[in-house]
Amino acid sequence: MSETTADIPAATHDGPPTPARRGAAHDSAFLRACRHEPVPHTPVWFMRQAGRSLPEYHKVREGIPMLESCMRPELVKEITLQPVRRHQVDAAIFFSDIVVPLKAIGIDVEIQPKVGPVIADPIRTFEDLKRLRPLEPDDVPYVTEAIGLLVDELGGTPLIGFAGAPYTLASYLVEGGPSKNHENTKAMMYGQPELWAALVDRLADITSAFLKVQIEAGASAVQLFDSWVGSLAPDDYRRSVMPASAKVFDSVAHYGVPRIHFGVGTGELLGLMGQAGADIVGVDWRVPLNVAAERVGPGKGLQGNLDPAVLFAPTKVVETKAREVLHAAQALGTSGHIFNLGHGVLPNMDPDALSRLVAFVHEASAR
Ligand code: CP3
């Protein structure tokens, strides 16, 4: 263990660890909204806020491959902090990637610029499954170290940890890279249900372990990204994916940190994604938040959901659309809404437009 993390109380699996430094964020607008407590303003952060659109990100990343950059704690700290400094968002998201735990257990994966994760040898058979061994905290010491550095520096701003959900990770592993139709993934899901179940179960364990490392190091909340699960019909989701995602949520329930569940094009799955165990359901821009609130049911918070492409329109339009999101969220009552985009920040987005949007959401929602 490095010097920076040595003073974080050791956590056990028996009870919720409460690293003293995570406590600093306890009363933040973000965590209050997650707990449905009154907030001074609607909290806002952006998926993929770290990196991509920021010139200062491209500068510090120059010449360093994506996955290597995730293994350098000082660099991870700097990149995670950049959007917090610039935009005054209410939460930081840890700079990493959904394939980092796969790389850490020895899967030959690379992130190709403008393409995404590419897997050298796709997983297609029971024999291939053996390569998906369990993830141990010692496989990702740089994650623990970077979060220790970050929690010190962030003070009252909460840090969101994250991982890829079993379906989305499986889609990369089975296809061998990004895919539009997920045909190999679905062929396995429909045609070899036992192999599929074993695959997503192993991924659930890896994802759970990755989230635990982040929570034990001091993350204040976690988000499970099931980005591509919107390609499934509800019955297939319920039968073939939900048990694995539920296993992930169950495995971190005892920590008591808010758990966010997000996917794209998941209008028909919102109720089930809440049932899988999330405290907060992320919604893309296709479903207004008042409709999403009905689908998800009482007791759960919502995160979202301005269409990212709106940020390319004039400021007045951005503000009108953002106001519509805030208005639709009133269906939730006075709290329980976290403002976000309906998917990630796009690479060519104007960072100033994002900063203006944060200021606008704070002002328009001030209570
Ligand atoms: O602010 C943040 O969210 C930063 C941390 C973060 C990254 N990836 C860094 C990254 C997070 C939360 C992710 C999640 C992620 N990674 C998802 C789920 C979110 C989503 O958008 O739906 C997915 C599907 C991946 C897999 C992945 N990694 C893709 C599709 C890509 C994009 C490829 C490209 O260049 O367009 C990546 C690469 C990646 N991950 C980048 C960043 C900043 C860009 C790489 C670079 O800047 O060189």
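Round to a whole number: what % of the accessible area of the range 19-364 belongs to carbon and sulfur, probe 1.4 Å?
Ligands and nucleic acids excluded, carbon and sulfur reach 52 percent.
Net charge around Pro351, counting only other residues with Cβ within less than 15 Å of its Cβ (Lys, Arg = +1; Asp, Glu = -1)?
+3
Out of every Cα-Cα pair in the range 106-239, what percent are more than 27 Å apart?
Tail of the P(r) past 27 Å holds 26 percent of the pairs.
Considering only DSSP beta bridges whose two residues both sit in the range 19-364, what percent are antiparallel, to the nearest 5?
Values: 4 of 26 bridges.
Bridges in the range 19-364 are about 15 percent antiparallel.
With a Förster radius of 25 Å, plug the Cβ-Cβ distance of Glu68 and Glu268 into 1/(1 + (r/R0)^6) and report the FRET value to the nearest 0.05.
Step by step, r from the Cβ atoms, then E = 0.05.
Stretch Val291-Gln112 to full length: gain in nm at 0.36 nm per residue minus the Cα-Cα span?
Additional length available on full extension: 60.7 nm.
Once every Cα of the chain carries one equal point scatterer and solvent is ignored, give the base-10 log of I(q)/I(0) from the Debye formula at q = 0.09, 0.12 Å⁻¹, two decimals.
Cα-only, vacuum Debye calculation for the chain: -0.46, -0.86.
So if I take the centroid of the Cα atoms in the range 226-280 and the same for the range 289-325, what is the distance between those two points in Å?
First find each Cα centre; the distance between them is then 20 Å.
From the protein chains alone at 1.4 Å, what is the descending order of accessible area for Asp235, Asp279, largest first?
Asp235, Asp279
Rounded, prolate or oblate, given the Cα gyration tensor of the range 25-145, with a/c below 1.5 counting as rounded?
prolate
Using Cα pairs under 8 angstrom and six or more residues apart, how large is the relative contact order of the chain, in percent?
Values: 712 pairs, mean separation 78.9, N = 367.
Reported relative contact order: 21 percent.
What are the membrane-span-like helices in the chain by this rule: whole DSSP H runs, Cα extent along the axis at least 24 Å, mean Kyte-Doolittle hydropathy at least -1.0? It would help to have the intermediate numbers written out before the result.
Working: long enough: 193-217 (36 Å, 0.58).
What comes out of the filter, once short or polar helices are dropped, is 193-217.
With every protein chain kept in place and ligands, DNA and RNA left out, what is the accessible area per residue of the range 33-150? Probe 1.4 Å, answer in Å². Could you put the intermediate results ahead of the total?
Values: 5100 Å² over 118 residues.
I get 43 Å² per residue for this part.
The values are calculated or read from the model by the stated rules, or taken from the named source; none is laboratory data. Keep in mind that this is a model prediction, so the values were computed, not measured. As a convention, Cβ positions derive from the backbone with ideal geometry for all residues, glycine included, and neighbour counts pool all protein chains shown. SASA here: full protein model, heavy atoms, side chains in, ligands and nucleic acids out. Shrake-Rupley method; radii C 1.70, N 1.55, O 1.52, S 1.80 Å.
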